[in-house]
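Asks: The structure's right below; bear with me while I get my questions together.
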Amino acid sequence: MNNSFLRVSIWVYLAIFFLYLLGPLVIMSITAFNSSGFPRMTPWECLTFQWFGELFQDQRILNGIKNSLIIGAGTVVLSVAMGLAGALMLTQIWPKLRATYYTVIIAPILIPGVVLGISTLVFWDRINRMLGLGADSFLSNGIFLTVIGQSTFIASYCMLVLVARLQRYDVALTEAALDLGATHAQAFRKILLPFMRPAIASAAVLAFLASFENYNTTTFTFGEYPTLTIELAQKVRYGITPSISALAFIIVALTVFFALLNEAKLKRQELVAAARKNATVEELAGKIKLPSFFAGNMAAVLVVVFAVATITVVGTATAYNPGQCIANVKEQKRLEAEQRIQELRKQREEQRKKREAEEAEQGDAQQSAPKPSNNSGFGNVFAPNTLDSDDDDDATGAETPSNNGGSGGVFDPNSLQDNQ
């Protein structure tokens, strides 16, 4: 019972984990096939491939992809070379300095990309001015600055990958080659480099992916050569379209395809090695019967299925026309919009009638209400119409009340006029 519960818990955890990890990518990939003008999966409108066509017609995106590939290639060459040199130096340096050296090499990973981008731009600008070069020199080129800026921290990642492989290297192999008369360059090229080839390939892939998706450092150094991430960030500011989802789907599909292809290759090598290990002496002397390409290799089967599905989708895209479906959706949206407008008009009319009825009831209530009498001890001194009544009396020629005060009419407003 406990084992069953533990097994179910593990599967539930894995399902939640991969749903959290891959769910957004799957949803975004699905939105690339919805005819909605904004990337969304629901409500589903029509199956369409138009966003892929718009993607391949967007010159800014295509230019960003081209610049990203160029910068990625340069970053791979520079980062792998520096990472390999750093890994070899770490194994050759004095043991008491290895900790300090390792800290210095790893430090760029801990520095924010914004700081690396600004420092790269400022440093090479000072070098450019010291050499007396103009603003259009090679040192001010956006591709050069971006490659340098990205390599400052990507080389550290490469070094970590190469150090992990280098720790399993037997130094006695190099020493034996040197004893047999090989030079250091020959020993490195024929013994160490073949041993490091898998790690170099892994570091190159890691460097390219890190360069392709980098934004923080690149945003300060790209100059006139914006990368794909820069173009996407600028397009998002003005509203995104499902063409970005189409690009995401292509990137995900290529990643899955190459991952399956690499897995199929590794599995094939394992099967071949196992067949040679289990072969008899007669088979080793003659021709070894190797397993077929698909035998025991599920990754190879998935690669073929993936390729067939891709060809099917491309073929369907060339023949499928969603025009009628899109027209029906637009007509339905128009009818729904008119219905909402009619409902809003009806609601406003009802609100207007209700407001008029309330105003009429308030007017009738005010007319039928009796006027309040002033029974206070002050008479009508504080009544609102007291001043108006005085003005009316003056206008009709009523007699002005006499001033019986002790001043004798000195403060009468008409005293000066009478004297004049």
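Asks: Not counting ligands, DNA or RNA, and with a 1.4 Å probe, what is MET28's accessible surface area in Å² rounded to the nearest 10?
Replies: Approximately 70 Å² of MET28 is accessible to the 1.4 Å probe.
Asks: Ignoring ligands, DNA and RNA, please state the percent of accessible area on the stretch 1-117 from carbon and sulfur, probe 1.4 Å. Before the final figure, lay out each step's value.
Replies: Values: 5720 of 7600 Å².
Of all accessible area on the stretch 1-117, carbon and sulfur atoms account for 75 percent.
Asks: If I ignore ligands, DNA and RNA and count only protein heavy atoms, how much of ASP179 is accessible to a 1.4 Å probe, in Å² to the nearest 10?
Replies: Roll a 1.4 Å probe over it and ASP179 shows about 130 Å².
Asks: Multiply the residue separation of MET298 and ASN128 by 0.36 nm, subtract the distance between their alpha-carbon atoms, and state the gained length in nm to one decimal.
Replies: Full extension from MET298 to ASN128 adds 55.7 nm.
Asks: Counting every Cα pair in the stretch 164-225, what percent are over 17 Å apart?
Replies: 57
Asks: In nm, give the distance between the simple-model label positions of ASN63 and GLU338, each being 7 Å from the Cα along the Cα-to-Cβ direction.
Replies: 4.4
Asks: Here is a further query. So if I restrict to the alpha-carbon atoms in the stretch 130-209, what is the Rg, and what is Dmax, the biggest pairwise distance, in Å?
Replies: Rg then Dmax for the stretch 130-209, in Å: 18.2, 54.
Asks: Moving on. For SER140, SER79, what's the largest-to-smallest order of accessible area, 1.4 Å probe? Display every interim value, and only then the final one.
Replies: Numbers: SER140 45, SER79 0 Å².
Result of the area sort, largest leading: SER140, SER79.
Asks: Would you mind checking the stretch 18-50 for residues with the amide N under 12 Å from a putative spin-label position 7 Å along Cα→C-beta of ASN328?
Replies: 45-47
Asks: Which value in Å is the Kirkwood Rh of the stretch 84-197 over different Cα pairs? Don't skip to the end; give the middle numbers.
Replies: Details: mean 1/r = 0.0596 Å⁻¹.
When all Cα pairs of the stretch 84-197 are included, the Kirkwood radius is 16.8 Å.
Asks: Taking the Cα atoms of the stretch 1-155, what is the range of coordinates along each of the three principal axes, in descending order and whole Å?
Replies: 62, 54, 23
Asks: Something else now. Given a 1.4 angstrom probe, what's the average accessible area per residue across the stretch 147-253, in square angstrom?
Replies: Averaged over the residues of the stretch 147-253, the accessible area is 51 Å².
Asks: While we're here: Relative to the compact-globule scaling 2.2 N^0.38 Å, provide the ratio for the alpha-carbon radius of gyration of the stretch 1-81.
Replies: Its radius of gyration relative to the 2.2 N^0.38 Å reference: 1.76.
Asks: Arrange the peptides 236-248, 202-214 so that the one whose residues have, on average, the most other Cβ atoms within 10 Å appears first.
Replies: Result, highest mean Cβ count within 10 Å first: 202-214, 236-248.
Asks: While we're on this one: Within the stretch 157-226, report the trypsin sites (Lys or Arg not before Pro) that DSSP leaves as loop and that have at most 11 other Cβ atoms within 10 Å. The partial results should precede the final answer.
Replies: Numbers: sites: ARG165, ARG168, ARG189, LYS190; in loops: ARG168.
The qualifying sites are ARG168.
Asks: Leaving ligands, DNA and RNA out of it, work out the accessible area of TYR157 with a 1.4 Å probe and give it in Å² to the nearest 10.
Replies: Approximately 80 Å² for this residue.
Asks: In square nanometres, what is one fourth of the surface area of the convex hull spanned by the alpha carbons of the stretch 122-272? Don't skip to the end; give the middle numbers.
Replies: Values: hull surface 56.8 nm².
The number I arrive at for the stretch 122-272 is 14.2 nm².
The values are calculated or read from the model by the stated rules, or taken from the named source; none is laboratory data. Predicted model, so just to flag it, every value in this text is computed and none were measured. Every residue, glycine as well, gets a Cβ built from its backbone with ideal geometry; the counts of neighbours run over all protein chains shown. Please note that ligands, DNA and RNA were not included when accessible areas were found on the heavy atoms of the full protein model with its side chains. Shrake-Rupley method; radii C 1.70, N 1.55, O 1.52, S 1.80 Å.
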